[in-house]
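Where a number appears in this text, it was derived from the coordinates with a stated rule and is not lab data. As the structure is a computational prediction, the values presented were derived from the model and not from experiment. A quick note on method: Cβ atoms are made from the backbone with ideal geometry, for glycine too, and the neighbour counts reach across all protein chains shown.
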Amino acid sequence: LVQRSSTDAGKTWGKLTLVVKSTDGMSSAPWAIADPSSSLVYLFWNINSTSDQKCSCGVAVISGKNGASYSAPAMIPASSGVLGSSLDSGIVLQKGAHAGRLVVCMRKICKNSCKAPYFSYAAYSDDKGATWHSSPHLHDGTTECQVAELSDGTVYMSTRPYVSLSNPTKRRFSARSI
């Protein structure tokens, strides 16, 4: 994983720097959450070695202050329910009882080595990334998704359908937190 950093609100950018060296099974599509209250940047990637064709779609994470230096990579325990990948950036909730919660939309579809059903869900942390949890999945047959916090503090998720017989209409799905 590589990055460029800016210290002047994006007017100029530094050189490309190596953050994490590639490992066996490392996904080529990392995702991030930036927490302005702590200046921490969380970088995630999928670990999915397909050599044995088992569904092993674990998630690794590192965090760093202002993106300047990062912690050692850690695997999010499979027991948390967080598996798969994401293609987006996460959010930090700003309102309500869960203000400060880190949220990212995920999908269980790991380089297609995991068998169906494929589905989208939210991964979240209430303790600055020390532990992670998963929401119930949105709907079988969903994939790429995004989350947003609405003005009333509700979390909204929009996801596209996975092309399959379980969703012949190919309509988008959405959900709101309660």
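Would you mind checking which residues have amide H under 5 Å from Ile109's amide H? H placed 1.01 Å from N; only 5 or more apart, or other chain.
For Ile109, the qualifying residues are Ser85.
For the residue pair Thr12 and Ser37, what label-to-label distance in nm results when each label sits 7 Å from Cα along the Cα-to-beta-carbon direction?
3.4
Quick one: net charge of Lys65's neighbours, Cβ under 14 Å, K/R +1, D/E -1? Can you show the working numbers first?
Working: positive: Lys128; negative: Asp35.
Spelling it out: positives minus negatives among the neighbours equals 0.
Give me the percent of Cα-Cα pairs in region 77-142 that sit more than 20 Å apart, rounded to a whole number. Walk me through the numbers before you get to the answer.
Details: 592 of 2145 pairs.
That fraction is 28 percent.
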